[in-house]
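Worksheet: one structure, shown below.
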Amino acid sequence: MTDTPVGRRRKPTQERARESRDRILDTAAQLFAERGIADTSTNRIAAHANMSIGTLYRYFSDKNEIVEILRARLLVELEERFTEAVLRGIGLSPRDSVAASLHAIVSVLGDREPLVRALTADATVAGSGFGGLERRLLFLTRAYLLQHLGPLPDDELDTRAFVMVNAGLAAALRIGLKPPPDLDRDRLIDETANMIGAWLAT
């Protein structure tokens, strides 16, 4: 029995499965961005991914599972970028740290605007996955505030963290996804950071 030439060897099953799964997710993300979630069927996703509908259902139970995985990926990326900004901002003023965090979030949202719009069409800051993101950002923000402001009563610390996260995240969502066409995005971020920074200084 002759060996299969190296260039023709089949990839391990696990690797091929991962590639197929990623192709489905990437194709779905593209179609959701172009057509919206409601107008994208699993049949269309499978066809555009060059696979049978049966193959798609080997990896995902339905379209909702695909949506939730893509939404989870988005939230993880937002959290990672926010965490990086917070860590970089440890030596900065509260105002500059807020600005860096807002820029990081708006950058993620802006880079994937059509897909983010589709995935967050029914979302609020406290719902559709954003509740989990809010809790993680609150934890990071509390740590940042303790670093900059020193020990505070728990209720004051929780209040400041809540206002900071929700005001900042709501502004970032608006600026990143639907900024007023006649206003500069960077200036909107800077003015939001100015207000939150001034409030923290009181």
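The values are calculated or read from the model by the stated rules, or taken from the named source; none is laboratory data. Just so you know, these numbers come straight off a predicted model, no measurement behind them. No Cβ is skipped: glycine too gets one built from the backbone with ideal geometry, and neighbour counts run over all protein chains shown.
Which of the residues that make up segment 151-202 are among the β-branched types (Val, Ile, Thr) and assigned to a helix (DSSP H, G or I)?
Of segment 151-202, the ones among the β-branched types (Val, Ile, Thr) are 159, 163, 165, 175, 189, 192, 196, 202.
The answer is 159, 163, 165, 175, 189, 192, 196.
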Looking at 135, 73, which is the one that is at pLDDT 85 or above and of a type in the set (Lys, Arg)? 73
Among the residues of segment 59-91, what is the count of those that are surrounded by 13 or more Cβ atoms within 10 Å (Cβ to Cβ) and of a type in the set (Asp, Glu)? 4
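Would you check which residues across segment 173-202 are small (Gly, Ala, Ser) and either within 15 Å of residue 98 (Cα to Cα) or not assigned by TED's automatic domain parsing to the domain that holds residue 109 (or both) and list them?
Taking segment 173-202 and keeping what is small (Gly, Ala, Ser), we get 176, 193, 197-198, 201.
Within segment 173-202, 193, 197, 198, 201 qualify.
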Scan 20, 52, 93, 41 and give me the residue that is in the same structural domain as residue 173 (by TED's automatic domain parsing) and either farther than 19 Å from residue 173 by Cα or of a type in the set (S, T, N, Q) (or both). 93
Any chance you could count how many residues in segment 168-194 are farther than 17 Å from residue 107 by Cα and either touching a residue at least 12 places away in the same chain (Cβ under 8 Å) or within 22 Å of the chain's Cα centre (by Cα) (or both)? 1
Within segment 181-202, which residues are touching a Leu at 6+ places or on another chain (Cβ under 9 Å) and at pLDDT below 85? 200
Mind counting the residues in segment 144-167 that are closer than 19 Å to residue 109 by Cα and among the charged types (D, E, K, R)? 0
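Across segment 76-105, which residue is modelled with the highest pLDDT among those that are hydroxyl-bearing (Ser, Thr, Tyr) and within 18 Å of the chain's Cα centre (by Cα)?
To start, the set of residues in segment 76-105 that are hydroxyl-bearing (Ser, Thr, Tyr) comprises 83, 93, 97, 101.
Filter again for within 18 Å of the chain's Cα centre (by Cα), leaving 83, 101.
Details: 83: 83, 101: 87.
The residue in question is 101.
Within segment 29-39, is even one residue farther than 30 Å from residue 150 by Cβ, in contact (Cβ under 8 Å) with a residue 12 or more places away in the chain and touching a His at 6+ places or on another chain (Cβ under 8 Å)?
Initial filter on segment 29-39 (farther than 30 Å from residue 150 by Cβ): 29-39.
After this cut, where a residue has to be in contact (Cβ under 8 Å) with a residue 12 or more places away in the chain as well, the list is 29-34, 36-37.
From what is left, the residues that are touching a His at 6+ places or on another chain (Cβ under 8 Å) are 30-31.
Yes, because at least one residue in segment 29-39 is farther than 30 Å from residue 150 by Cβ, in contact (Cβ under 8 Å) with a residue 12 or more places away in the chain and touching a His at 6+ places or on another chain (Cβ under 8 Å).
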With the requirement that a residue be touching a Lys or Arg at 6+ places or on another chain (Cβ under 8 Å) and under 17 Å from residue 118 (Cα atoms), what does segment 45-73 give you? 45
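Please tell me if residue 129 is under 15 Å from residue 77 (Cβ atoms) and modelled with pLDDT under 85.
Values: under 15 Å from residue 77 (Cβ atoms): yes; modelled with pLDDT under 85: yes.
In short, yes.
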